[in-house]
1. Residue farthest toward the positive end of the dipole of region 1-43, with Cβ of Lys/Arg at +1 and Asp/Glu at -1: which of Leu18, Phe33, Asn6?
2. Quick check: with the 1.4 Å probe, what order do Trp192, Trp373 take by accessible area, largest first?
3. What number, in percent, do you get for the relative contact order of region 11-96 if the mean sequence gap of Cα pairs under 8 Å and at least 6 apart is divided by its residue count?
4. For region 282-364, state the average projected area of the convex hull of the C-alpha atoms over all orientations, rounded to one decimal in nm².
5. How long are the semi-axes of the equivalent ellipsoid of region 207-270, taking √(5λ) for every eigenvalue λ of the Cα gyration tensor, in whole Å from largest down?
6. Considering only DSSP beta bridges where both residues belong to the chain, give the percentage that are antiparallel (nearest 5).
7. For region 217-235 and region 58-85, compute the distance between their C-alpha centroids and round to whole Å.
8. Hey, what's the Cα Rg ratio for the chain versus the globular rule of thumb, 2.2 N^0.38 Å?
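The values are calculated or read from the model by the stated rules, or taken from the named source; none is laboratory data. On a predicted model such as this, the values are computed, not experimentally measured, just so you know. When we count neighbours, we look across all protein chains shown, and the Cβ atoms used for this are built from the backbone with ideal geometry, even at glycine. Keep in mind that these areas ignore ligands, DNA and RNA; they rest on the heavy atoms of the full protein, side chains included. Shrake-Rupley method; radii C 1.70, N 1.55, O 1.52, S 1.80 Å.
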Amino acid sequence: VKLTNNRYYLDLNATSPLADSVKEYLARGEFVFANPSSVHSEGKIAKRLIMDTSDYLYGLFNLSEKDFKLFYYSGATEAINSIAKGFAFVYEMGNFFYFGTDHSAVRNQKEQLEKLNCMVHELPVLSDGSFDESIIIEKINAQSGPKLVNFTWVNNETGAIHSLESILRVKKATGAIIHVDAVQSVGKIKDWEKLHSALDSYTYSGHKFGSLKNVGFTFLKEGLPIQSIIRGGGQQFGLRSGTENAMGVCTLMLALIEMKEMFNAETLLKAKEAFELKLCEAIKGKGEIVAGTNPNRGLNTINFILYDTKSQTLATALDLGGIDISTGSACASGAVKPSPVLISMGYSEILSKSAIRLSFHYRFCESEVAEYWSAFSRILSRFL
Ligand code: PLP
């Protein structure tokens, strides 16, 4: 998607432009403003809007209200913190498992969870971002006590997919509570709306698919031992107090309706594959696609390494050339830190500082590939 400032925006995994339907909604300027907990008519309108969105979400993801509670949060970071710490509040000596490839919202819980006497275990990933089911099952079963495992359905940096079928087998073999970070699934894999009701929780973030920022939601199985960490007025079954953002919640529904109508997995796959083929030819012998041997990758993400080129250098050149991309490496106090995701996949420190992530809009199509490639390769060729 070319933004109005005429730049190529290839950073959809960081955030998405607003959906057209959300822009139209905002332009109309007819906003609900009342507090959904108020008993007057305006309050009821706000409440209705949230309830309509909830009905839509239950229907879209085919989950039943009887089995799952639906919570709105400020986004996935808050939701993941609430679930992990909410679990640790309930159990003395519980176990929290995660993968080194998970988002920092998951990885950075360790210190605080340990203060709550929860034991934290990092599970191993293979070099292509996938995992070995039997090893994971063994590691989980080796611990005693209550267990909560986080799986990231689609990895934000590499696009590697941890399939729900595989997660389900881990669930069956371990009996652990499963949280699925589903943030990068919407519009980025085929069948993103097909969930398994046997898994315990799923978290989404609206700004990744075109809604307003700071609004997301989680499906949480009824009866799960999760205590609320946000205490206050008792909204949302007491699990997440605070006045609900009815207008933001409504934009979740608008963006998802549009996505459901417009998303075509085959079209996106063809475009991404065509772009990736050109990239592979261009960097042959000088670089590689991260998790390139993994057949189970999302439809919109290409992460590649150019040997001997720091990602920050290439990113700056692309930026100056009008192309927005992302590097997994973080810049802290002047020093570039390698991508922890790539490190956990076994990449060296040098290579983990050389990764560039391109993530395309779900409407990217084959007819745009030549134009995108021409703009991109003009800059890339200077480094080959
Ligand atoms: N999980 C994944 C896989 C993500 O990609 C992100 C955002 O980058 C998050 C969690 C955090 O989402 P939010 O920005 O809604 O807090």
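1. The residue sitting most towards the positive pole is Asn6.
2. Trp373, Trp192
3. Details: 29 pairs, mean separation 9.3, N = 86.
Result for region 11-96 is 11 percent.
4. On the way: hull surface 25.4 nm².
Computing the convex hull of the Cα atoms and averaging its projections yields 6.4 nm².
5. So the three semi-axes of region 207-270 are 30, 15, 9 Å.
6. Close to 55 percent.
7. With region 217-235 and region 58-85 each reduced to a Cα centre, they are spaced 9 Å.
8. 1.00
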